[in-house]
């Protein structure tokens with residue numbers, strides 16, 4: 001994750017300012033495993049619009065409340081792709 | 001122990017009949033010629049196990065499902081085979097059958113194995129090899145929980161082999177919504193993998209109405 005490519009967003013930034021639906025699915029395991037997450041807060045935005053990931057967010061896994069950080073690719077307020085690093089349990 | 005063996009045209013079934021009919025602890029009247037005859041035998045007798053050949057896995061699954069719906073209990077449904085391949089056992093258990101009887105065993109050994117399968121079935125257990133692999137009994141025979149027309153359309157398109165992007169386009173939806181629904185469907189049906197959903201949905205056909213009378 002290249003932190004320098006992202007700018008920190010204000011803590012008052014609201015998730016619905018950026019996406020229509022705060023729930024998204026990370027697909028792993030060669031397209032087999034679908035894991036549902038919910039955005040807690042979008043923390044960073046990419047400095048360049050051509051970045052692979054457009055936003056970073058704190059997220060929670062819906063099934064067990066595990067916490068993590070997600071790299072998101074958001075286009076037209078839709079999350080097209082996501083990669084999550086789970087960091088612990090809430 | 002009373003057995004029902006199907007089906008008449010199978011070499012394996014004839015071998016099972018010849019091997020098991022002489023054993024003093026077993027009653028085997030003959031070989032049923034069809035699925036309808038198996039159902040009829042089950043209705044008229046207290047059958048402990050139904051033996052079907054490997055190419056009757058689907059038929060066995062359908063018969064067991066409909067016997068269970070009509071009577072809430074069913075005999076153990078067992079594949080009889082000349083080998084004990086774990087792949088065949090896995091498939092049998094995943095579609096809701098109870099085990100595999102290895103016909104290469106001696107008659108006494110085969111009867112012991114059959115007893116174990118019947119006991120495991122009544123206690124809702126599966127053999128340890130299959131359990132170690134994480135096979136979920138009957139996973140591919142469940143009535144799938146699909147909440148809406150959108151979910152059913154999604155499953156139709158997954159079965160057709162389409163990727164998420166194409167499904168989103170076809171359903172006039174977003175990839176985010178499609179993936180969220182797939183995640184929700186997998187979770188609701190206690191499945192881990194997209195492929196499990198595809199296989200289970202494609203196997204979710206029911207006994208046709210013209211045959212249902214026989215099962216009720």
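Taking the range B:176-203 as the region of interest, how many residues are at pLDDT 95 or above, more than 14 Å from residue B:152 (Cβ to Cβ) and either in contact with a strand residue (DSSP E or B) (Cβ under 6 Å, 6 or more places away or on another chain) or more than 10 Å from every other protein chain (Cβ to nearest Cβ) (or both)?
Of the residues in that region, 5 qualify.
Taking residue B:206, is it in contact with a strand residue (DSSP E or B) (Cβ under 7 Å, 6 or more places away or on another chain) and either modelled with pLDDT under 95 or crowded, with 19+ Cβ neighbours inside 10 Å (or both)?
In short, no.
Can you confirm whether residue A:69 is under 9 Å from the mean Cα position of the chain (by Cα) and surrounded by fewer than 19 Cβ atoms within 10 Å (Cβ to Cβ)? Lay out the reasoning, then the answer.
Details: under 9 Å from the mean Cα position of the chain (by Cα): yes; surrounded by fewer than 19 Cβ atoms within 10 Å (Cβ to Cβ): yes.
Considered against the rule, which asks whether it is under 9 Å from the mean Cα position of the chain (by Cα) and surrounded by fewer than 19 Cβ atoms within 10 Å (Cβ to Cβ), residue A:69 comes out as yes.
Could you check how many residues of the range A:27-47 are under 20 Å from residue B:182 (Cβ atoms) and either outside any strand (DSSP E or B) or more than 9 Å from the chain's Cα centre (by Cα) (or both)?
Residues in the range A:27-47 being under 20 Å from residue B:182 (Cβ atoms) and either outside any strand (DSSP E or B) or more than 9 Å from the chain's Cα centre (by Cα) (or both): 10 in total.
Pull out all pairs, ordered by first then second residue, where Cβ-Cβ is under 7 Å, the residues are six or more apart or on different chains, the first lies in the range A:11-33 and is within 13 Å of chain B (Cβ to nearest Cβ) and modelled with pLDDT of 95 or more, and the second is surrounded by fewer than 18 Cβ atoms within 10 Å (Cβ to Cβ) and assigned to a helix (DSSP H, G or I).
Listed by first residue and then by second, the contacts come to A:22/A:15; A:32/B:195.
Going through B:31, B:57, B:38 one at a time, which residue ends up being buried (at least 23 other Cβ atoms within 10 Å of the Cβ) and not in a loop (DSSP other than H, G, I, E, B)?
B:38
Name the residue, out of B:154, B:144, B:162, that is part of a loop (DSSP other than H, G, I, E, B) and either within 14 Å of another protein chain (Cβ to nearest Cβ) or in contact with a strand residue (DSSP E or B) (Cβ under 9 Å, 6 or more places away or on another chain) (or both).
Result: B:162 is the single residue among B:154, B:144, B:162 that is part of a loop (DSSP other than H, G, I, E, B) and either within 14 Å of another protein chain (Cβ to nearest Cβ) or in contact with a strand residue (DSSP E or B) (Cβ under 9 Å, 6 or more places away or on another chain) (or both).
Determine, yes or no, whether residue A:50 is within 13 Å of chain B (Cβ to nearest Cβ) and either part of a loop (DSSP other than H, G, I, E, B) or free of Cβ contacts under 8 Å to residues at least 24 places away in the same chain (or both).
Here the answer is no, as residue A:50 does not meet what is asked.
Which of the residues spanning the range B:81-110 are in a helix (DSSP H, G or I) and in contact with a helix residue (DSSP H, G or I) (Cβ under 7 Å, 6 or more places away or on another chain)?
Scanning the range B:81-110 gives B:86, B:88, B:89, B:90, B:91, B:92, B:93, B:94, B:107, B:110.
All but one of (1) within 25 Å of residue B:131 (Cβ to Cβ); (2) under 15 Å from the mean Cα position of the chain (by Cα); (3) part of a helix (DSSP H, G or I) hold for residue B:78; state the number of the condition that does not hold.
Result: residue B:78 passes all but (3).
Kindly list the number of the only condition in (1) within 9 Å of chain B (Cβ to nearest Cβ); (2) over 19 Å from residue B:174 (Cβ atoms); (3) in a strand (DSSP E or B) that fails for residue A:56.
(1)
Check residue A:78 against each of (1) out of contact with any helix residue (DSSP H, G or I) (no Cβ under 6 Å at 6 or more places or on another chain); (2) at pLDDT 95 or above and name the one condition it does not meet.
(1)
Going through A:81, A:64, A:21 one at a time, which residue ends up being in a loop (DSSP other than H, G, I, E, B) and crowded, with 16+ Cβ neighbours inside 10 Å?
Exactly one residue qualifies, and that residue is A:21.
The values are calculated or read from the model by the stated rules, or taken from the named source; none is laboratory data. None of these values were measured; they are calculated from a predicted model. Note: ideal-geometry Cβ built from the backbone for every residue, glycine included; neighbour counts use all protein chains shown.
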